[in-house]
Structure formats: structure tokens, C-alpha cells
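The values are calculated or read from the model by the stated rules, or taken from the named source; none is laboratory data. Because the structure is predicted, anything quoted here is derived from the model rather than measured. All Cβ positions, even for glycine, are placed from backbone atoms using ideal geometry, and neighbour counts span all protein chains on display.
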Amino acid sequence: MSKDKHTARWRVVGQSVRGATHERAGVTNQDAIHWLPESGTELPLILAVADGHGSRRSFRSETGARLAVETAAQVIRDFLRGQVEIENLSAIKRAAEEWLPVAVARRWLEAVTNHLAAHPLSADELKLVGADQPEASVQASQSNSQLAYGTTILVAAVTVDFILYLQLGDGEILIVADDGEVSSPLPKDQRLFANETTSLCSEDAWRDFRVCFQAVSNTPPALILLSTDGYPNSFRDESGFFKVGTDILEMIRAEGLDMVNDHLESWLRESTYAGSGDDVTLGLICSLDSIARQAMREIRTPTLQQAAEQGREFNQREDRDAPVEYDV
Amino acid sequence: MNMRPGGELATRPLHFIWMADCSGSMDVDGKIQSLNTAIKEAIPNMQAVADENPNAQVLVRAIKFSSGAQWHVSQPTEVSDFRWEDLTAEGVTDMGKALSMVADQLKIPPMTERALPPVLVLISDGQPTDDYASGLKALMDQPWGRKAVRIAIAIGEDADTEVLQKFIGNPELKPLQANNPEALVKYIKWVSTAVLKSASAPASQTSDSAAPGMNVPIPVLPDSGPTSADDVW
């Protein structure tokens, strides 16, 4: 384990905007975003986004999405705190893949059950989710009631030694390498097509999670992006969406993460209005070390144009042939 | 910082395809003329629905089938530019050919994965005369064929509602039975307004709860009314 890893500096920022279609229809934003710790700067850093279905039968999906990001972040934080054998990455990987999906789905269900107990569904709402049949068992009725809270969940957790990605349902997780190359850490789920998505409210939802565990190498990603599907669906093609990763990394390097954060809301708003019309959420986890490394490289290695200009300036100096004096 | 990250933004395409039976029997009792009138009258309604949701790019096409099948409007046409040329009726009912031609157009590409579920409206007054099952299989073999909103309108009592039901693929949704011009106008208006509106801004559905062809919520059906003396077909 290198010293560099222990001093690694990361920062998370993010925004969520109500979709243009939802604004026109007077519907609230069904997406949610949450990160731990609140400062967004100390490792381990956990970022979660969720997209509540917003369908007629998922009429509490705004709450479902909020509960999803909060419970998922807590479960993963507790999981990371509980890892005593931090050197044994393969054991952590196995535990993350096998245990976390079950734990995230179960904790969300508990939170939904508590919410239902505090805010029972009305007779009309029970009818809407098909939980009103007199012969329905308590378990079936409970299962149907969860549909009201239906949501996706996407999480990235950055630790000193590894990065963890979990996803259930639609949306995108992208990673951007130091050189600007954009890739997706998770395989595509072919079922996520034509507005259909896997969901936390489904029976055995844990089976539908996609999980990726990456040990932190010498060059971890410069940037990690988590977005709900309203954002990628706003671009004409996939390459246009992948370009977001490259562009934002360049912008952070040129103008700083604060400037990017200041503009996120307006970018996302423009995207939903000129694109999908859906709610749009984007969370970014940025490696501040990567930004600093690049800045150092630029100082040390002037661009060809800068070198040419420096050369031209030198050639124009009248004292260019004078001996150079050094302070000793 | 004025630049926005990412490539070109675009609204999501929604393909709407009329599939019209133009067999000789459609010439009897003014059925084809009623269909022409009903679709012409529906166009302003479609345009109004499209205007209400600028995030869906409604693109309309039409295919006709009789002895063989042919695109009546072959290019996906912005609904604001869509015009209806009257159909004429003659020949047999090669519905299978039309289904397979639509299937070709629902492949990815030319379709994109980010499109909204297409709307297919099949209108027929008779029995298919070709191998409709092969055409239907070709359509259902395409992901967008399976996920399309499939609506069927039966014109008159001789329409093969069993075949139309197979096209719909969901027992909860029946073919709409139009036995007179007023009913046909009502159903055409329903698909071009209520169904189009629902398809243009669909919410996510859990993949295990959406019935076949129901990944877009189907609005309440218009009342067809009781059988009456007005029934001419």
C-alpha cells in the first residue's frame, strides 16, 4: 500500500433537476442524490443516485428514491467500517458482491415498511397497486404496496484501497481515466429497454444488482460520474453522452471543480429541456490528485504553441546574447 | 464558462405507424372513405398533442396492405408536416406482408435504443389472405416490435378479431370494434390523442410488472356504445 493512496484526495459534487415534462405536468422531481460523509471530501466517500419510477402505480417513488439513496449510502458505509482485514481485498470483493445487494435491498424494504406504517395507503391507493383484494395475503399486500415506492439505485464508493460500483435498474455509471478515456465499469443489462427497468420494489431485487469491485491502482480514475437515465437519454447518441465525461474533466482542469459545480444545474436543466424531458441527476466524484498531477504536467511541459511563443520572445530580446547571471 | 459538456442534445423520437387494410371489401359501404376522413380529422389532434410535449419528436408513417403491401407514407414525417393522401381499396388482405415490412423498420438500426416505444395502429375489416403468422413473428422478433404499443381497430363484423387480438398480444386489451363511421372516428381520435399522449411521456415501469404491450399505460377506452341501428358495417 503506497503512501500516495493514504493521502489521496477526492471530492464529490452533484445536482438533480426536475424534468421538463414533470414541470409541465406539475409533478415533483422523482430523482434523488445523496453522499456520505456530508463534507464530500473524506474517504471512504459514498455517492448514491436514484430514479423513482414516477408511474401511476409508483405514486410514492419520490420518497422511494430518497430512501434508496439514504439507506444504500448508510449500508455501504457500515460495510466499509466493518472490514477489519483491509489487506484481504479478495475477501472484501466477495463480501461486497454477495452480501451488499441483499443488504441494500433489505434495508430499503425496511425503510419503506416503516414509511408505510407511518403513512398507510388509502383505499384508493391500495387499489392502484393491486393490494386491495380481500383474499390477498398480508405478504402479497405488503409486496404490492412496495410498488408505490419503486426506484432504481446507483452507488459508487471510493476507499483508499478500492472503488466499488453497484447498480440496480437504468441510469449510467461512467469512469474517466487520467487521459480522458471514458468507460463503463458495469456490463449492460439488456432488460433495461423501452421504459422498463429492474427495481428495488421487485421480488428478489438483490438478484438484479450489477456490482463491480476495482482495486485502486497507481492511477485511479480521474473522475466518476453517476447519472439517472434522464441524462443519457437527452443526447442524440451514446458518444454524445460519453463526451460529458471527457468534457467535464477538461473543464475541471481548466476552471476548477467549483466552477463546474456552479454550472451543473444550468447544464442539467438545458439537457432536460432540449432532450429527454425526464428528471436529470448527475453526481461527480473527482480525484483532486489527478487534477493536481495534470496541472503539474502542464507547468513542466509547455505546449508546442507556448514553447514557440517563448522561443519567439527570447529571440526578440535585445540582450539575448548577454551572459546569463545566476544568483548563488 | 458557457460551454455545456457532452455532444448534441435531442428529444426522443416516437414513431407512430398507421397500418391500413385497403382490400376490396374496404370499398363496400364507404369504409375506406370513412377511414380517410377519420385520419384526416385526427391529424390536428395529433399535432396538438405533440405540441404539448416538445420532448417527444412524433414521427408518423403509414403502410397499406391489399394484394401485397406498400408504404403509403414511407419517411418518418414530423407530425407538423404530416398530410394524408386518400387511400383507395382493391385486392386481397396481405396483412402478413405489412407486418414484416413494419418489422424491418423497427430493427435497431434504423431505430435507436433511446426512442420512445412506437405506436402501431392496425386497422382491418377482414381475414388475412397471406401468412400473417410469419409477419407477426417477424414483428415480435424485434425488441421494438415486442415493446410497441399495439392497437387494433376492427371495421365491421367480418373483421378477424382473433388475428387482431394476436397482434395486440395482451388479453387485457381487446380490438376496438367500429361498426359505423362515428365509432371509427372516435377510435381513431382516441389513438391519435390519448394513446399518443401516454406514449410520448411514459414513466418507468418495473420490468416484471409490465404486461406484454403494456409498458406504456393504455388510457381509458372510449365507450363504443351499444349495437345500434346506425351500425352499417
Quiz item: Mind checking whether some residue in the range A:65-82 is within 20 Å of A:Leu268 (Cα to Cα), within 14 Å of chain B (Cβ to nearest Cβ), not β-branched (Val, Ile, Thr) and not in a strand (DSSP E or B)?
Solution: yes
Self-check item: Listing of helices (runs of 4 or more DSSP H) fully contained in the range B:160-203 that carry 2 or more residues being more than 14 Å from every other protein chain (Cβ to nearest Cβ)
Solution: B:161-168, B:181-190
Practice problem: Could you check how many residues of the range A:200-215 are surrounded by 18 or more Cβ atoms within 10 Å (Cβ to Cβ), part of a loop (DSSP other than H, G, I, E, B), more than 9 Å from chain B (Cβ to nearest Cβ) and not aliphatic (A, V, I, L, M)? | Solution: 1
Quiz item: Out of the range B:94-129, which residues are charged (D, E, K, R) and in contact with a Phe, Trp or Tyr (Cβ under 9 Å, 6 or more places away or on another chain)?
Solution: B:Asp94, B:Lys97, B:Lys107, B:Glu113, B:Arg114, B:Asp125
Practice problem: Those residues that are in contact with a Leu (Cβ under 8 Å, 6 or more places away or on another chain) and of a type outside the set (A, V, I, L, M), I need them from the range A:196-213; list them, please. | Solution: A:Thr198, A:Ser199, A:Cys201, A:Asp208, A:Phe209, A:Arg210, A:Cys212, A:Phe213
Practice problem: Inspect all residues belonging to the range B:38-61 and state whether any of them is part of a strand (DSSP E or B) and within 16 Å of B:Thr129 (Cα to Cα). | Solution: no
Quiz item: Residues of the range A:63-90 being surrounded by 12 or more Cβ atoms within 10 Å (Cβ to Cβ) and among the aliphatic types (A, V, I, L, M), which ones?
Solution: A:Ala65, A:Leu67, A:Ala68, A:Val69, A:Ala72, A:Ala73, A:Val75, A:Ile76, A:Leu80, A:Ile86, A:Leu89
Quiz item: Which condition number in (1) part of a helix (DSSP H, G or I); (2) at pLDDT 95 or above; (3) out of contact with any Pro (no Cβ under 9 Å at 6 or more places or on another chain); (4) more than 7 Å from chain B (Cβ to nearest Cβ) is the one that A:Asn233 fails?
Solution: (4)
Exercise. Output yes when any residue across the range A:262-274 is in contact (Cβ under 8 Å) with a residue 12 or more places away in the chain, buried (at least 20 other Cβ atoms within 10 Å of the Cβ), within 11 Å of chain B (Cβ to nearest Cβ) and in contact with a Ser or Thr (Cβ under 7 Å, 6 or more places away or on another chain), and no when none is.
Key: yes
Quiz prompt | Of residues in the range B:122-150 being hydrophobic (A, V, I, L, M, F, W, C), crowded, with 23+ Cβ neighbours inside 10 Å and more than 13 Å from chain A (Cβ to nearest Cβ), the one farthest from A:Leu192 (Cα to Cα) | solution = B:Ile123
Quiz item: With A:Thr219, A:Thr281 as the choices, which residue is more than 21 Å from A:Glu42 (Cα to Cα) and either of a type in the set (S, T, N, Q) or buried (at least 24 other Cβ atoms within 10 Å of the Cβ) (or both)?
Solution: A:Thr281
Practice problem: Answer with yes or no whether A:Asn218 is more than 8 Å from chain B (Cβ to nearest Cβ), of a type in the set (S, T, N, Q), more than 15 Å from A:Asp170 (Cβ to Cβ) and part of a helix (DSSP H, G or I). | Solution: no
Practice problem: Being of a type in the set (S, T, N, Q), farther than 16 Å from A:Gln167 by Cα, more than 14 Å from chain B (Cβ to nearest Cβ) and outside any strand (DSSP E or B) narrows it down to one of A:Ser39, A:Ser16, so name that one. | Solution: A:Ser39
